[in-house]
Amino acid sequence: MASETHTSTEYIKHHLQNLTFGELPDGSLGLAQTPEQAKAMGFWAINVDTIAVSFILGAIFLYLFAKVAKSATLSVPAGGQNFVEMIIEFIDDSVRGSFTGRNPLVAPLALTIFIWIFLMNLMDLVPIDYLPGLATVLGLPFLKVVPTTDPNATFGMSIAVFVLVIYYSIKVKGAAGFAGELALQPFSSANPVIKGIFIPINLFLEGVNLIAKPISLSLRLFGNMYAGEMIFILLAIMGGSFAAANMGGSSVLFGTQILLSLAWAIFHILIITLQAFIFMTLTIVYLDMAHQEHH
Amino acid sequence: MNINATLIAQTIMFILFVWFCMKFVWPPIMQALSDRKKQIADGLAAGERGKQELELASKSAADEMLTAKQKAAEIITQAEKRSSQVVEEAKGLAKEEGDRIVSMAKAEVEQEVVRAREMLRQNVADLAVAGAAKILDREVDAKAHAELLKNIKAEL
């Protein structure tokens, strides 16, 4: 909550700033202490919190699943195995439903995307000041706990997916086939001259279409999570500022924060699952399109 | 929210996670799932087979029971027949034996009667002689009248 030393703007800025590691203005390497310093680091800097949190979550996911995979028995599955098998079957169904080709990569990819994004989104439900507060105690200037509110994380995934889409498009259709798909659709004509005229138009349209895939994929997730996080921050400011002001009705407004945060968190459970699912499904669909000769 | 080198790190991390998942998580679990599916299918098939076998077995058991019953009935009738036969035989034997005993007894009785009659005859002859002697009051020559006495004895 906003203490006396923070104004609302500072509180928001503090919460939306990643813990960035890079070259400081004095030329040494270190953690940026202010958002301006972080900005000045340019491209060759690293958001330590995003990487750490997402790595820990990914490791937890893979550890749990690999453990089950290793001890998977044929007999009646117990607790953890049941849960993992339920998820695996759900993913498998989704992949079978949307992906018509045969590719052993798609299902594990979908599983990783779904669970990893879900876990990263889930960090949004950790009470907003717990982990940043802990970081402050440990002497870290910033900590953004939800990796999916960092576009680096979402773009990182969507770019990997995009590379896979391009790779499989070329592998399945051949370089010429893929180029033809980009250049000769959606407008085409029997007349070669008109066909030639259409090529740049088609290239532009299909190029936008292609580029839009990774961008929409990552921005949709990022936007949803960022907005969700923002609402948690605003609710915290509302409760905190009134509590700090110690006004007559403060306890009422403090309670309002709790109630509103609770309501938003419950609603957010839906959003985080849905966003993970959408990312996964669209990935499957894009890869399916990459595997189809004509569409 | 600046785009920076984190992007590259995240991409690499994502690829590594997917690779790990593809290598160590997905195949064994899918394998286990399909294996279990097969096992369950096999189990169900075996159950079905067992049911059919049971049906067959109970049917054959019923058949066996029927033939056994028939055999038992046969044996019982045979035994009854044999027992009545034995009884008949025994009856015949007993009758024969009885007849034999009766005839033997009859013969003995007749013999006894003959002997008693003989004895009686002797006694009556003696008595008659003694009576005659007394009546005549004289010694009757036994020798002279022996012929006469013999005749009387025969008449008796």
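Results, tabulated for the structure shown:
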quantity	calculated
Selected residue (criterion: nearest to the other protein chains (Cβ to nearest Cβ)) from residues of region A:159-171 that are open to solvent by 10 Å² or more (accessible area, probe 1.4 Å) and more than 17 Å from residue A:113 (Cβ to Cβ)	A:166
Any hit, region A:31-43, residues being farther than 30 Å from residue A:285 by Cβ, among the basic types (Lys, Arg) and out of contact with any Pro (no Cβ under 7 Å at 6 or more places or on another chain)	yes
Subset of region A:95-124 (residues that are of a type in the set (S, T, N, Q) and either farther than 22 Å from residue A:268 by Cβ or touching a Pro at 6+ places or on another chain (Cβ under 7 Å) (or both))	A:98, A:100, A:103, A:112
Residue list for region A:46-65, filter: open to solvent by less than 20 Å² (accessible area, probe 1.4 Å), facing chain B (nearest Cβ under 9 Å) and not hydroxyl-bearing (Ser, Thr, Tyr)	A:47, A:58, A:61, A:62, A:65
Candidates A:156, A:133, A:174, A:97, filtered to the one that is open to solvent by less than 20 Å² (accessible area, probe 1.4 Å) and assigned to a helix (DSSP H, G or I)	A:156
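The values are calculated or read from the model by the stated rules, or taken from the named source; none is laboratory data. What you see is a predicted model, and the numbers here were worked out from it, not measured in a lab. Cβ coordinates were reconstructed from backbone atoms using ideal geometry, including for glycine residues, and neighbour counts include every protein chain displayed. Protein only, heavy atoms only, side chains kept; ligands, DNA and RNA dropped before computing areas. Shrake-Rupley method; radii C 1.70, N 1.55, O 1.52, S 1.80 Å.
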